[in-house]
Every structure is written in C-alpha cells, then in structure tokens.
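Asks: Could you have a look at this structure, given as structure tokens, before my questions?
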Amino acid sequence: MPMHNKSLWERYKNHLCVSPSIGMMLDISRMDFPAKYFDTMEPEMQKAYRAMDELEAGAVANPDEQRMAGHYWLRSPERAPSTEIRKEIEATIHAVKDFASAVHAGTIKPEKRPRFTRLLIIGIGGSALGPQFIADALGTPADKMKPCFLDNTDPNGFDRLFTELGDDLAETLTLVISKSGGTVETRNGMVETAEAYRKAGLAFEKHAVAVTEAGSKLDDMAKNGSWLARFSMWDWVGGRTSVTSTVGLLPAALQGVYIEGLLKGAALCDEVTRSKDTRSNPAGLLAMAWHHATSGQGKKDMVLLPYKDRLQLFPRYLQQLVMESLGKEQDLKGRTVNQGIAVYGNKGSTDQHAYIQQLREGVNNFFVTFIEVLNDREGRSIEVEPGVTSGDYLSSFLLGTRNALYENGRESLTITIDKLDARSVGALIALYERSVGFYATLINVNAYHQPGVEAGKKMAGAIIHLQLDIIAHLRKRPGKSFTAQEIAKALNTEDRVETVFKILEHLAANRELNVVKIPAESIVDSRYEAVAV
C-alpha cells in the first residue's frame, strides 16, 4: 500500500538523483524496493560497472561475429581503443558536416533542380528508428530539408510516399542505410525508389547517397554507379546503438539539426553514467529499478509515458534498443532463461483517454516511466483560463496520473529534463544505452548480439524460395489447378501445407503474379492455377 505523503516526501528526497551537467533528474522513490535493496544489489552493480569499463576499452562484445561494441566512442573519439578508430570517427563527423553544408549551399544539387529540399531515408530497424526519432523530436519549420522515411517493404507504403512527394521527387536526396548492404527490406525500398526516379525521368544515382560498411554490396553499388557520396558504418556499431553514428548524424545534419549538441549531450551523459557511485548514476539506478520491477526475469512490462509531443517516437525507438538487446533465450553460461522486458507506450496526456484506465485498475503487470520536460515552449504561453496555461495542464496531468497510479499500488519512475533540445535528446539516448548495458550484466545476458533476428530472416528467405517453387510448379502445368495440399505433396513439403496455402492466397490476391484462385465451399479447399503471362 502507498506510504503516507510525509514519508513519501522523505523517500523522494533520499532517492532523487540530480545530474546538473545534463539537465536531468531521476526519481525512483515510487518504486517499492525494500530498505536493504541497494546494499544487496551493490556487488552486482559493481560487476556491471567493470563490464562496461571493459566494453568501452574495446573488449569483444559479440562473440558470434567477433565484434566490439563501440557506440560510446562515437561521441568521445578520444576514448577509442586505437588511434586509427579515433581518426576515422573524427574524419567521418567532419565529412558529414561538410557534405550537409554543400547540399544546403546548393554546391551539391539534384539533376534538374537548383537545390535539394526533401530528404528520403531508406532503412529498417536501427537504420530508421533512431533517425525517425531525431527527426521528429528536433525538427522545426525552419529545417533546411524535410525528411521522410521508407522503413518497410510494403508496396502500398511505397506508393503512398511517392504520391506524397509528387514533383518534389526531383529535389529529393535519398539516403540508403544498410550496414551489410544486403538487408532485404532496404534493398526493396531502394529498387522501388530507383524505379520512381526513372518514371519521373530522373537518374537515381544523381540523387543517391549510401551509408554502409566499406566493401559491402551497397558500397560497391554506390561506387560503381557513381552515386553522390558514400559514408562509412563500422562493424563495431550495432544498429540499435547507431544513432550517434553516420546512421543518425547524416540525416540529422541534412535536416538542419544541431548535431554537435546531440553528440555533446550524449558524451556528457556517458560521463555522468561512468560513475561507480550508484546513487549518483542515473543509468545504474534505472537498471536497478528495472531489476526490482521485473524480479530480474522480465515479469513486468516497461510502459513509457513521455509528456511531450516531440518525444512520441521515443517509446518506439526504445522498443528496439531494450527488447532486441535484452530479449535472449540463453544467458552467458548457455542456460535457457528466456529473458527480456516488453516495452510499450505513447505520449501523455493522450493516454489519459486510452490505456491509463487499465494501468490504474487492471492487471498489475507493468511499471511506468514518466518523462517530464519542464520548459513548455520557446517564448511565453497564453492563459487558457485565469492564471493557467496549456503547459500547466500538461504538467498537472502528468502529476495527477503519477499520483493516481501510486495510490493504487502501481510503481513508476520519473525522468525530468529541463528542456527539450539536441543536447537533452542526446543525453536521453545515452542514458538508455548504458542502462541496457548495465541491466544485461545484472541478468547475465549478451546485449550486443541478436540470434533471434537472424533466425527470422533465414525463415523469410526459405519462404521466398518455397514461393518460387510453387510458381514454377504451376507454370509447368498450365490449365491445371491444384489445392494447397496437393501442391505441398508434389513439392515434398507436406509439413508446410499451411505456409503453402498462405503463399497461394497472397499470389492470387496480386494478379500481376499470374496465379488465379478457384474458390471452393471451404476456403482451404480452393484451387489455384497459373495463367499465361
């Protein structure tokens, strides 16, 4: 049950972590951890700090691929484990700034227009979520370029975006972001975009930039195709921690975001969260709070409620960072643990009218993180009623929801930042990157590999091969129709009849694939045949 308000005030004062250098406070007082919790967890936290020191020093973090995890060096190149890496980072940041300046000045310009005004980013996962979050959080009407994104392989999504761009495609700079250059979704987006340029009478390569690892398929394509520019991604930067690399910096710089502030905020937060004094380390406290809330076993979900429109994509960004990093079947000793923390959320006070009802009175399977921004806006606010502004209401909704949840025994954390700008956004990103690293050590999993993602990609590839086999089988037998079960038997894939059926339904729904459906009384008995091309 909630404690008395006087006791809560004392608890608040005792557990408030204030970090003036990054304009941030973290309140964990409404997490119901026991009195001895800090003492009990301290040895494990010290182990987490040592593991982080080793990571930053260049230890191999991903043994599957023998890779380091060097995202912290991106904003503090002097901490890189070699002079070569430091120089590469510094040179790349300069190249990003120089390229953006040349584009803004019109020195680098499109094929048939005087200046690039639109920016299309093609990527998926970490190659899109970070840039999208930065673009939405820090974009203004004064942006030098207006960004848009292709982050899926949805044909209707492609059509929708190209229709929106219309004639502006002629002044659109396209960034293709893929470390390996072989990511299928990104490849598909690139192919569809190149075709859109061709239909508009434009040469794709005169509008295209690659962000990829040196020597990749994409790098070779950009080099051989005389694209406008190529920027490096490094194997020691994972997708979900790549937002302060060229993946995030190049789109941001082109948009007009103050990337120096973003890097500075991240670097300052890195410095604050290197402290081995847990009570003054906000990332350490977050990791401990997560461990308490979930019993170190993912038993509760993380709900993010940022009370600022510009932070509405932050929960989506954190879904990948947290869930891909921590969602692991095995721990570092090879034991089956099925770890992770589910993340979801939306902006306040929108959720006053959505799922707050369940959070307060429904199943208690979550903990909330409120994100509060003290500064309402640039300039003065009008009064919406005597003595009260719209920002006062936003603050009151946050405090009211926080209290309403607490009164019903629902745990919450509150992160408070002074104002929302490039520096504070950089600090937020760095805070969660390090918290994830600490928590991974506490639960003994590897935060820097993702075997489950690769498994899904391999299965998708196998399904594409099966589809090609199905089409070939039908085309070799024109005028004949077959059920899904008959085709599965013919292809010796009877254990995959359901998949065969789903593929056939998709083929028949898209007539350009030249497969027609002959309906039956039961849909699963429908027959399919190829028609002449």
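The values are calculated or read from the model by the stated rules, or taken from the named source; none is laboratory data. Given the structure is predicted, the values throughout are model-derived calculations rather than measurements. Virtual Cβ from ideal backbone geometry, glycine too; neighbours counted across all protein chains shown. We work out accessible area using only protein heavy atoms, side chains counted, and drop any ligands, DNA or RNA first. Shrake-Rupley method; radii C 1.70, N 1.55, O 1.52, S 1.80 Å.
Asks: Please give every one of the lysines within straight-line cross-link reach of Lys458, meaning a C-alpha to C-alpha distance under 30 Å, and leave out same-chain neighbours fewer than 8 residues apart.
Replies: Cross-link targets: Lys179, Lys217, Lys223, Lys299, Lys328, Lys333, Lys476, Lys489, Lys502, Lys517.
Asks: By DSSP, what percent of the beta bridges with both residues in the chain are antiparallel, rounded to the nearest 5? Write out the running numbers ahead of the final one.
Replies: Working: 19 of 53 bridges.
Approximately 35 percent, going by the DSSP bridge assignments.
Asks: Could you state the orientation-averaged shadow area of the convex hull built on the Cα atoms of the range 383-432, in nm² to one decimal?
Replies: Numbers: hull surface 19.6 nm².
Mean projected area for the range 383-432: 4.9 nm², to one decimal.
Asks: What would the Debye equation give as log₁₀ I(q)/I(0) for the range 69-196 at q = 0.19 Å⁻¹, counting only Cα atoms as equal point scatterers?
Replies: -1.21
Asks: Which whole-Hz ³J(HN,Hα) couplings does the range 331-343 yield from phi under the Karplus relation 6.51 cos²θ - 1.76 cosθ + 1.60, θ = phi - 60°, glycine and proline marked x?
Replies: Result, rounded to whole Hz: 8, 5, 9, x, 7, 6, 10, 6, 8, x, 9, 6, 10.
Asks: Could you give the radius of gyration (one decimal) and Dmax (whole number) of the Cα atoms in the range 13-83, in Å?
Replies: Here Rg and the maximum Cα pair distance are 16.7, 47 Å.
Asks: Relative to the first principal axis of the alpha-carbon coordinates of the chain, what is the inclination of helix 422-442, with its axis defined by its Cα atoms, in degrees from 0 to 90 and to the nearest 10?
Replies: The answer is roughly 90 degrees.
Asks: To continue, here is another question. On a C-alpha basis, how far is the centre of the range 410-427 from the centre of the range 194-266 in Å? Whole number, if you could?
Replies: 29 Å
Asks: Toward the positive end of the charge dipole of the range 225-315, about the Cα centre and with charges on Cβ (Lys, Arg +1; Asp, Glu -1), which of Gly296, Leu254, Leu286 goes farthest?
Replies: The Cα lying farthest towards the positive end belongs to Gly296.
Asks: Could you give the accessible area per residue of the chain, probe 1.4 Å, as a whole number in Å²? Could you put the intermediate results ahead of the total?
Replies: Values: 24810 Å² over 533 residues.
Per residue, the chain has an accessible area of 47 Å².
Asks: How far is helix 282-294 tilted, in degrees, relative to the longest principal axis of the Cα atoms in the chain, given as a value from 0 to 90 rounded to the nearest 10?
Replies: 70 degrees
Asks: Taking 0.36 nm per residue of sequence separation and subtracting the Cα-Cα distance, how much length would be gained by fully extending the chain between Arg86 and Gln66, in nm to one decimal?
Replies: Details: separation 20, 0.36 × 20 = 7.20 nm, distance 1.98 nm.
Using 0.36 nm per residue and subtracting the Cα-Cα distance, I get 5.2 nm.
Asks: At q = 0.11, 0.14, 0.15 Å⁻¹, work out log10 I(q)/I(0) for the range 385-474 with the Debye formula, treating every Cα as an identical point scatterer and leaving solvent out; two decimals please.
Replies: -0.70, -0.85, -0.89
Asks: When the accessible area of the chain is split by element with a 1.4 Å probe, what percent falls to carbon and sulfur?
Replies: Numbers: 12410 of 24810 Å².
Of the solvent-accessible surface of the chain, carbon and sulfur hold 50 percent.
Asks: Continuing with this model, one more query. Where does each of 412-421, 115-124, 498-507, 193-202 land if you order them by average Cβ count within 10 Å, highest first?
Replies: Numbers: 412-421: 20.2, 115-124: 22.5, 498-507: 18.4, 193-202: 16.3.
Order by mean packing, descending: 115-124, 412-421, 498-507, 193-202.
Asks: Measure nothing fancy, just the Cα-based angle from helix 497-509's long axis to the longest principal axis of the chain, in degrees from 0 to 90, nearest 10.
Replies: 70 degrees
Asks: Next up: Write down the radius of gyration of the range 328-422 and its Dmax, each obtained from C-alpha positions, in Å.
Replies: Answer for the range 328-422, Rg first and Dmax second: 17.8, 63 Å.
Asks: Which whole-angstrom value gives the distance between the alpha carbon centres of the range 351-393 and the range 272-329?
Replies: Using only Cα atoms to place each centre, the spacing works out to 20 Å.
Asks: How far, in nm, would the chain grow between Lys112 and Asn364 when pulled straight, counting 0.36 nm per residue and subtracting the alpha carbon separation? Could you put the intermediate results ahead of the total?
Replies: Working: separation 252, 0.36 × 252 = 90.72 nm, distance 5.85 nm.
Contour length minus the Cα-Cα distance gives 84.9 nm.
Asks: If you don't mind, another one. Give the shape of the chain as rounded, prolate or oblate, defined through the alpha-carbon gyration tensor: a ≥ b ≥ c are the square roots of its eigenvalues, a/c under 1.5 means rounded, and otherwise the shape is prolate if a/b is larger than b/c and oblate if not. Numbers along the way, then the final one.
Replies: On the way: a/c = 1.67, a/b = 1.37, b/c = 1.22.
Since a/c reaches 1.5 and a/b is larger than b/c, the shape of the chain is classed as prolate.
Asks: Starting from the Cα of Thr140, step 7 Å along the direction of its Cβ; do the same at Arg160; then give the gap between the two resulting points in nm.
Replies: 3.0 nm
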